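To keep things clear, I will list the structure first and then write my remarks on it.
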Amino acid sequence: MSPQKLPPQMIGMTLVLLLLIGCGAPAATQVPPTATPVLPTAIPAANEFKTVTIGTQQWMAENLNVGTFRNGEPIPEAKTKAEWEAAYKNEAAAWCYYNNDPANGKKFGKLYNWYAVNDPRGLAPAGWHVPSDKEWTVLVSYLGGENVAGPKMKSSTEWNGGGIGNNSSGFTGLPGGERLYEDAGFYSSGDIGFWWSSTKNDKWNAWYRALHYSYTIAGRDNGGMNTGFSVRCVKND
């Protein structure tokens, strides 16, 4: 039986982000993957990333922009709608640039589906990992809680309308947007930043965090693993 589409359930939020993701049901038959692996540069050493210490945690202060797993194997780039859909139907890792434009990678990093986050070959470089839902909660709580943490996490540039970020935490959250499954379209760049956690909610959905240009909330929700979001990493204990 195909899973039912889940409605958004933003915890502690009064706003509804209409541009947030939907959850697509898997096809009844498997489709061979068509995404073509690219051979990008190797994962940079950890000390090549900008980092920031917030409370007891050390975070990357920029979105992940790697095209290889920790073991050096390439992560397939999925540019077309067919490639993006095939990655989901095969529960396979994939990445893309927003609008398939490498210039966006320089600003916002890559967008990854959740299968890349969960791949045993390791998306994060050695010594780092994609934060769990609990680790995101530790960060947001340290910054005062969901209702007020947003401006402290958002960068002071790149947000539409000037945003309301002061980046007092040094997290430098950017509005990298998302790639949906239903039409493989790109949405919300400049308006919303989305970041995966490593924590599943159910078979088809995983938890993430979101920042919106005009709100102070650091939102928490779960969405389809087929969606392309930004990724941040936190240093191992």
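FYI, it's all coordinate maths here, none of it is from the lab. Just so you know, these numbers come straight off a predicted model, no measurement behind them. Every residue, glycine as well, gets a Cβ built from its backbone with ideal geometry; the counts of neighbours run over all protein chains shown.
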- Message: For a bin width of 10 Å, list the pair-distance distribution of the range 88-139 built from all Cα-Cα distances, rounded to whole %.
- Response: 22, 40, 36, 2
- Message: Given the range 114-217, report the % of alpha carbon pairs whose separation exceeds 15 Å.
- Response: 66
- Query: Where the centroid of each part is defined by its Cα atoms, how far is the range 61-114 from the range 171-237 in Å?
  - Reply: 14
- Task: Estimate the FRET efficiency between S214 and K235 by the formula 1/(1 + (r/R0)^6), using the beta-carbon distance for r and 22 Å for R0, to the nearest 0.05.
- Result: 0.10
- Note on the structure: Filtered hits (lysines, Cα-Cα < 29 Å from K235, offset >= 8 within chain) -> K50, K106, K107, K110, K134, K152, K154, K200, K203
- Item | Under the Karplus curve 6.51 cos²θ - 1.76 cosθ + 1.60, θ = phi - 60°, whole-Hz ³J(HN,Hα) for the range 180-189, x wherever Gly or Pro sits | 7, 8, 3, 10, 6, x, 9, 9, 6, 4
- Message: Report the Cα-based extents of the range 52-235 along its three principal axes, largest first, to the nearest Å.
- Response: 40, 34, 30
- Task: Along Cα→Cβ, 7 Å out, is where each label goes; now give me the distance between the ones at T157 and N71 in nm to one decimal.
- Result: 3.9
